[in-house]
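Worksheet for the structure shown next.
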Amino acid sequence: MRLRLMVISSTFVLAACVPRAGTDYPVTSKAAAAAQSNPQIVAEQDLVVEPPSWSAANVVRNARQVSASVYTVQAGDSLLSIANKTGAGATAIAQANNLTPPFVIRPGTRMQIPGGLYHRVGAGETGIAIARAYRLVWANIVALNALKPPYILQVGQNLLLPSNANMVKASRALTPEARAAAFYINIDDIVTGGSPAGTASVLPATAVNFVGRFAWPLRGNVIGKFGPQGGGRVNDGLNIAGQNGDAVRAAAPGVVVYSGNEIGVFGGLVLIDHGAGWITAYGHLSRLDVAQGARVLVGQEIGGVGETGYVSQPQLHFQVRKNRQAVNPLSYLEPPNG
């Protein structure tokens, strides 16, 4: 099985590692107790883990080819209405015509409509699910459409897809199971493409002035260092040895943006957004004690050490990411005795 480990997070897979079957990890009573005792954490009734809406079955594959053309602006037109009329994406139209916010257009202006393959976003669809439905790489769709934080798709938005029509046609002939088997997601996918279109509310605000100093999430021997590991393998974090069930703690205050096991290489995984572009990742967890949307404090227990994912001994895989790029955690962790 090709894991695309150089693209996604940790490619430190040890020689003796054996892939483990995925497991659903329910939020434990510890999370509920924490919510009741700490007003900064979401209430108990909010701490419910639901399967991420990343299934291609949730996406109506309605992509259609739009021919390049010229459109004459009519009275009352807006960038969005022109996108709706032509089937092209608003961002693509703006880029093709060198428009910048607030995208002022005047009647009579002749605008270039860029051709391409466009998917119309439906309610509840996520970027990951859209990419999975067409067997495409979500990161390529993000770049092609110049999507910006917080990466929330809008219902009715026309997303320009990478122009591989043969791949799109082939995807329609595959069963949902075959599409899922051929698709991989990574941490960046979750951050940029995990929110459903039409979401009424977004996650709680995070600190905008966080300076990027972190406490150790687990005390133990570092058994896998950041960076190249030889043989083309790259580790995007640290691997810290522990015992099954040892408490894993939040390295800084923040908001949980993911809690689940959808990335097979990591098994149980929690992602925390600390604001100012900082995100930490905690992988190989045997249990998940927090759910998406929960506010956490530094030192708060978020899960337990495990052997989930592709590892052969109990450990924590810990990443620090700044503006979507993995950085060496040792450069940002407080001294072990600090």
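The values are calculated or read from the model by the stated rules, or taken from the named source; none is laboratory data. Predicted model only: the values in this text are computed from it and were never measured. Counting neighbours? That spans all protein chains shown, and the Cβs are built from the backbone with ideal geometry, glycine included. Surface accessibility is based on the protein's heavy atoms, side chains included, excluding ligands, DNA and RNA. Shrake-Rupley method; radii C 1.70, N 1.55, O 1.52, S 1.80 Å.
For region 150-162, the criterion of being modelled with pLDDT under 90 and closer than 17 Å to Asn58 by Cα is satisfied by at least one residue.
Scanning region 136-154 turns up no residue that is in contact (Cβ under 8 Å) with a residue 24 or more places away in the chain, assigned to a helix (DSSP H, G or I), surrounded by fewer than 19 Cβ atoms within 10 Å (Cβ to Cβ) and touching a Lys or Arg at 6+ places or on another chain (Cβ under 6 Å). Answer yes if at least one residue in region 279-302 is part of a strand (DSSP E or B), in contact with a strand residue (DSSP E or B) (Cβ under 8 Å, 6 or more places away or on another chain), open to solvent by 30 Å² or more (accessible area, probe 1.4 Å) and among the small types (Gly, Ala, Ser), and no otherwise. Yes, there is a match, as at least one residue in region 279-302 is part of a strand (DSSP E or B), in contact with a strand residue (DSSP E or B) (Cβ under 8 Å, 6 or more places away or on another chain), open to solvent by 30 Å² or more (accessible area, probe 1.4 Å) and among the small types (Gly, Ala, Ser). Note on region 284-338: residues that are touching a Lys or Arg at 6+ places or on another chain (Cβ under 8 Å), of a type outside the set (Asp, Glu) and modelled with pLDDT under 95 amount to 4. Restricting attention to region 29-68, the residues that are in contact with a helix residue (DSSP H, G or I) (Cβ under 7 Å, 6 or more places away or on another chain) and at pLDDT 75 or above total 5. Selection within region 231-245: residues that are open to solvent by 30 Å² or more (accessible area, probe 1.4 Å) and modelled with pLDDT under 95. The member of this set that is nearest to Gln325 (Cα to Cα) is Val234.
Conditions (1) farther than 19 Å from Gly198 by Cα; (2) surrounded by 15 or more Cβ atoms within 10 Å (Cβ to Cβ); (3) at pLDDT 95 or above, marked per residue:
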| site | (1), (2), (3) |
| --- | --- |
| Gln112 | yes, yes, yes |
| Thr126 | no, yes, no |
| Ala131 | no, yes, no |
| Tyr134 | yes, yes, no |
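Only residues that are in a strand (DSSP E or B), over 15 Å from Leu238 (Cα atoms) and open to solvent by 10 Å² or more (accessible area, probe 1.4 Å) were counted in region 303-338, giving 1.
Scanning region 249-259 for residues that are assigned to a loop (DSSP other than H, G, I, E, B) and open to solvent by less than 10 Å² (accessible area, probe 1.4 Å) returns Ala250, Ala251, Ala252.
Within this structure, Leu269 passes the test of being open to solvent by less than 10 Å² (accessible area, probe 1.4 Å) and within 27 Å of Pro149 (Cα to Cα). So, Glu262, is that one at pLDDT below 90 and surrounded by fewer than 24 Cβ atoms within 10 Å (Cβ to Cβ) or not? So Glu262 passes the test. Taking the residues in region 62-96 that are part of a loop (DSSP other than H, G, I, E, B) and out of contact with any Pro (no Cβ under 9 Å at 6 or more places or on another chain) as candidates, determine which candidate is most open to solvent (accessible area, probe 1.4 Å). If we take residues in region 62-96 being part of a loop (DSSP other than H, G, I, E, B) and out of contact with any Pro (no Cβ under 9 Å at 6 or more places or on another chain), then Ser67 is most open to solvent (accessible area, probe 1.4 Å).
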